[in-house]
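Please read the structure below before turning to the comments.
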Amino acid sequence: MEDNVKENYLKIFRKEVDFHHKVAYRFEKAYRLGKKMSVKKAALNAEIIAIISEHDSYIDQDPMALFYCLYFCIYYNNPEIVEFLKILVEKLDNLPEKINEILTSITQNGISRLRMIGDPLNLHVYHLVFYQAVDDELRIVYAQILRQMKFI
């Protein structure tokens, strides 16, 4: 019985890590290449949407994955994906309040302002992500985000 529980946990954890690594990699690549080639960014954004769609059962299980995708939209300056994520958020029931909070910040203030270092909204978003990562017990996937933000 214990081996079965362990294997089930590992299967779920692999899905989580697989999803987050694929999405984070595409966001970063779209950010770097999008500065030079908008066609390449559009193709990578299509890949991000495909990955999110492909992992819909995982997102149903852990809707906080959308929270991190919204954060990636801010961090990697990708407003195009926000519209897709808004549609997903509207379709899901019983979403954690933090998802609505970060989406409201994006909608009301825009990604450009949220990215401005020194702006109180920038600090608010980073603290929101930091405390969520603490709530998630600083899983490996999220620890990478925090290292990039220089919190750990």
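The values are calculated or read from the model by the stated rules, or taken from the named source; none is laboratory data. Predicted model only: the values in this text are computed from it and were never measured. Using ideal geometry, Cβ is built from the backbone for each residue, glycine included, and neighbour counts are taken over all protein chains shown.
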Within the stretch 73-88, the residues that are in contact with a helix residue (DSSP H, G or I) (Cβ under 6 Å, 6 or more places away or on another chain) and among the β-branched types (Val, Ile, Thr) are Ile74, Ile81, Val82
Confirm whether Tyr131 is surrounded by 18 or more Cβ atoms within 10 Å (Cβ to Cβ), modelled with pLDDT under 90 and either under 13 Å from Phe67 (Cα atoms) or in contact with a His (Cβ under 8 Å, 6 or more places away or on another chain) (or both). no
Might you let me know whether the stretch 96-119 holds any residue that is among the acidic types (Asp, Glu), outside any helix (DSSP H, G or I) and surrounded by 12 or more Cβ atoms within 10 Å (Cβ to Cβ)? yes
Taking the condition at pLDDT below 90, of a type in the set (Gly, Ala, Ser) and under 15 Å from the mean Cα position of the chain (by Cα), does Ala65 pass? yes
Per the filter on the stretch 30-46, residues of a type in the set (D, E, K, R) and buried (at least 17 other Cβ atoms within 10 Å of the Cβ) are Lys41
